[in-house]
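Here the structure comes first, spelled out in structure tokens, and everything after it is commentary.
The values are calculated or read from the model by the stated rules, or taken from the named source; none is laboratory data. Keep in mind that this is a model prediction, so the values were computed, not measured. Quick reminder, even Gly has a Cβ in these numbers, built from the backbone with ideal geometry, and neighbours come from all protein chains shown.
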Amino acid sequence: MTQTVRWVGFALVAWLIGLLGCDRPWNDPYTDEAPEEVVLYSSFAEQPKTLDPAKSYSSNEYQFLGQIYEPPLQYHYLLRPYTLEPLTAAQMPRVDSLIQDGQRINRYTIRIRPGIQFQPHPALAKDSQGRYVYHQLTEADLIQHGINELADFSQQGTRELTAADYVYQIKRLAHPQVQSPILGLMSDYIVGLADFAKQLNNLYRQQQTAENPSPFIDLRQYSLAGVRVLDRYTYQIDIQGQYPQFLYWLAMPFFAPMPWEADWFESQPGMLDNNLTLDWYPLGTGPMYMVENNPNRAIVLEKNPYYHSDYYPSAGTLQDAQTGLLEDAGRRLPMIDKIEFILEKEAIPRWNKFLQGYYDSSGIGSDSFDQAITLDVQGEPMLTPAMQAKGIQLYTEVEPSIFYLGFNMLDDVVGGNSERARKLRQAISILLDYEEFVSIFFNGRGVPAFSPIPPGILGYQTGEQGINPYVYDWQDGRAKRKSLEEAKQLLAQAGYPNGRDVNTGNSLILNYDTPIGSGPDDKARFDWLRKQFAAVGIQLNIRATQYNRFQQKMRTGNAQLFSWGWHADYPDPENFLFLLYGPNSKVQFGGENAANYQNSTYDRLFEQMRNMPDSPQRLAVIEQMLDIVQRDAPWVWGFHPQTFTLAHQWNRVIKPNAIGANMAKYARLDPILREQKRSAWNQPIIWPLFVLVGLLLVIGLPVVIQYWRQEYRPRHRNQS
């Protein structure tokens, strides 16, 4: 007993000494952090479904792909409006127009820079005789050598990037097993791609009937009519007709290079069962490469040891210079050694870790908005004193996106081109106060939309010239939504005075179709919508259904009112104006024109505008198109969301970029300052431990004394 008490006492004292002597915060989740490494800490909320650049079309996956893969072009980090520039390309592609087989072809000639190397990967490892080490694997080999992840391969290799790697990736878009989401669109433009897809589909079916079927098709052996290699560093792509927006696609991972060795490597037996595929382990030429993919814990990228010469830009705006964004001009990229993406499914733990300094930047959720943001006297957002005291910086940007309420133009009540239906839609456009909606449900993070085109895209104009005159007036130097009385007047002119049908006397009932949601604000949003319509006497019926059922309603034209959104694939007005182009009707053609809007003049102008280069002439055509859709009101234009990003003081000045995906290479951190702030913000409160030890002593000491007395008291002998 005495020995036990003694050891317990020693253990308590040692524990306290150990805690007091620890030189890191007790709650530090990065206990294995190497002091010499510059690590960027971020997070992800859901497991990426695929990291194959021919398949992925999701923003949560692009945060990884953008750092790993390099298409020939990229967006300039600083310049706005968004501007394309060469990445691996030696210069911007040369575009030649020619006639081929009686059709106009635009030929893109792309020359890449020599000397660019792929990231280290087992698929590229060779032995001393130049033979690939891991190209003849069997499932038994994987089991025998205990290979379960990419890091289990003992050898890695690299080789130079060539033009053939870009051509190989374009061919992969047509592979039936890849199922690229852009195959249909690109088949309309890349010469021969549709026929090539049919050829590969037949080959694949034949292979699957063989005795030992394999998913691998050596795409080097098959020619694609509109895509060819000219020499080691030059390739060409033929585009049918005029499609200037194709340049933007050349800045997306779909057109990043893919070595044939990676395709072969992942098709070997047992690879799929161990997730040793491009879905799981990408292979590119970018500044970072994947070293760990554990989607239940963390995804880790490290600096590519073979990364080519790449430098921080020296061109920027005066504001960029004033805010310090040009201080790193000319520095070699990337300026970090590693990125750790930690799984955070819940917003609150992520926010708390940011405040503790364990994440370098953060968005702002609704639950934490009031803790982070307040409004100045002009109503502009600013950081709260608590955030300012931590040296946190706020960066905002209006996204190239739009959220809107749409009318089904095929509907008998709200649709059609009659003056009655048009005035009804205009009245609803006025009564739906999206300024109030953004204030209530988005903490003011958004700007009202006057048309489909968001800020930063050609066609968006500020000031009086840019407002929607059917919904807003220009008063005292700003846009002011028209009054509810004006909405009621339009409603009466449409045949619904006070919200009642002038012919039947019945209340006007409109149906709002929406998927069943699970968010805490869903009921509040529905109540807000009902209240807006009720203000003019219209009854709004919420028809919430399962998502698949909602999608079916949209495809068949059985919805009446609905909410929809769109985020730019690329920063061109065509990418928004096509959402109202008649031949893109969702019901008739399965396109993205969810409102099924059709106006022959608008369609004609769209066909004229979409192939024009940016110019005053193109802007004039866009203005005509906007006048038409503002009058017809197929949408209640809604709002453009605004992103708020917080960054700690050790995280250098940031330029938000909602289009480019390869932004991590521009990050610069001060890890010494970060460590100092983490230690200061995470000092342990240890006095309760001493209180606890004291209580244990007070409670246990009498027991120990009593035991000692019984064990060691003097023994008296009987006297004779």
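Taking the numbered list (1) modelled with pLDDT under 95; (2) under 29 Å from V291 (Cα atoms); (3) touching a helix residue (DSSP H, G or I) at 6+ places or on another chain (Cβ under 9 Å) in turn, Y134 passes all entries but (1). Looking at Y69, Y82, Y75, just one residue is in contact with a His (Cβ under 8 Å, 6 or more places away or on another chain) and under 30 Å from Q236 (Cα atoms), and that residue is Y82. Remark: N498 matches the filter, which requires a residue to be assigned to a helix (DSSP H, G or I) and either closer than 15 Å to S429 by Cα or not aliphatic (A, V, I, L, M) (or both). Scanning region 332-362 for residues that are in contact (Cβ under 8 Å) with a residue 60 or more places away in the chain, closer than 25 Å to G316 by Cα and of a type outside the set (S, T, Y) yields L333, P334, M335, I336, D360. Taking the numbered list (1) part of a loop (DSSP other than H, G, I, E, B); (2) among the hydrophobic types (A, V, I, L, M, F, W, C); (3) assigned by TED's automatic domain parsing to the domain that holds Q532 in turn, I659 passes all entries but (3). Out of all the residues in region 576-597, which are over 20 Å from G416 (Cβ atoms), at pLDDT 95 or above and not aromatic (F, W, Y)? Once the filter is applied, which keeps residues that are over 20 Å from G416 (Cβ atoms), at pLDDT 95 or above and not aromatic (F, W, Y), region 576-597 yields only L577. Considered as a group, the residues in region 446-459 that are touching a helix residue (DSSP H, G or I) at 6+ places or on another chain (Cβ under 7 Å) and of a type outside the set (V, I, T) include one that is surrounded by the fewest Cβ atoms within 10 Å (Cβ to Cβ), and that residue is L458. When Y108 is tested against (1) in a strand (DSSP E or B); (2) more than 30 Å from M663 (Cα to Cα); (3) among the aromatic types (F, W, Y), only condition (2) is not met. The set of residues from region 254-265 being over 19 Å from Y235 (Cβ atoms) and either outside the structural domain of S56 (by TED's automatic domain parsing) or crowded, with 21+ Cβ neighbours inside 10 Å (or both) comprises just one member, F265.
Among the residues of region 205-221, are any crowded, with 16+ Cβ neighbours inside 10 Å, touching a residue at least 60 places away in the same chain (Cβ under 8 Å) and more than 28 Å from the chain's Cα centre (by Cα)? So far as region 205-221 goes, no, none of its residues is crowded, with 16+ Cβ neighbours inside 10 Å, touching a residue at least 60 places away in the same chain (Cβ under 8 Å) and more than 28 Å from the chain's Cα centre (by Cα). Restricting attention to region 30-53 and to residues that are exposed (fewer than 15 other Cβ atoms within 10 Å of the Cβ) and over 16 Å from V291 (Cβ atoms), the residue that is modelled with the highest pLDDT turns out to be K49.
Keeping to region 473-515, report how many residues are in contact with a Gly (Cβ under 9 Å, 6 or more places away or on another chain) and under 19 Å from L540 (Cβ atoms). The qualifying residues number 10.
Pairs linking a residue in region 421-433 that is touching a residue at least 24 places away in the same chain (Cβ under 8 Å) to a residue that is among the acidic types (D, E), with Cβ atoms under 8 Å and 6 or more positions apart or on different chains, are R422/D632; R425/D632; I430/E486. Across region 563-590, which residue is surrounded by the fewest Cβ atoms within 10 Å (Cβ to Cβ) among those that are out of contact with any helix residue (DSSP H, G or I) (no Cβ under 7 Å at 6 or more places or on another chain) and in a strand (DSSP E or B)? Applying the filter and picking the extreme gives G565.
Considering region 348-451, the qualifying strands (runs of 3 or more DSSP E), each wholly inside and each with 1 or more residues that are out of contact with any Leu (no Cβ under 8 Å at 6 or more places or on another chain) and of a type in the set (S, T, Y), run over 393-398, 401-407. Only residues that are acidic (D, E) and part of a helix (DSSP H, G or I) were counted in region 467-495, giving 2.
The test for being out of contact with any Pro (no Cβ under 9 Å at 6 or more places or on another chain), over 30 Å from E397 (Cβ atoms) and in contact (Cβ under 8 Å) with a residue 40 or more places away in the chain does not hold for N106. Sort out for me the strands (runs of 3 or more DSSP E) sitting completely within region 26-95 that have 3 or more residues that are assigned by TED's automatic domain parsing to the domain that holds Y235. In region 26-95, 73-75, 84-86 are the strands (runs of 3 or more DSSP E) which contain 3 or more residues that are assigned by TED's automatic domain parsing to the domain that holds Y235.
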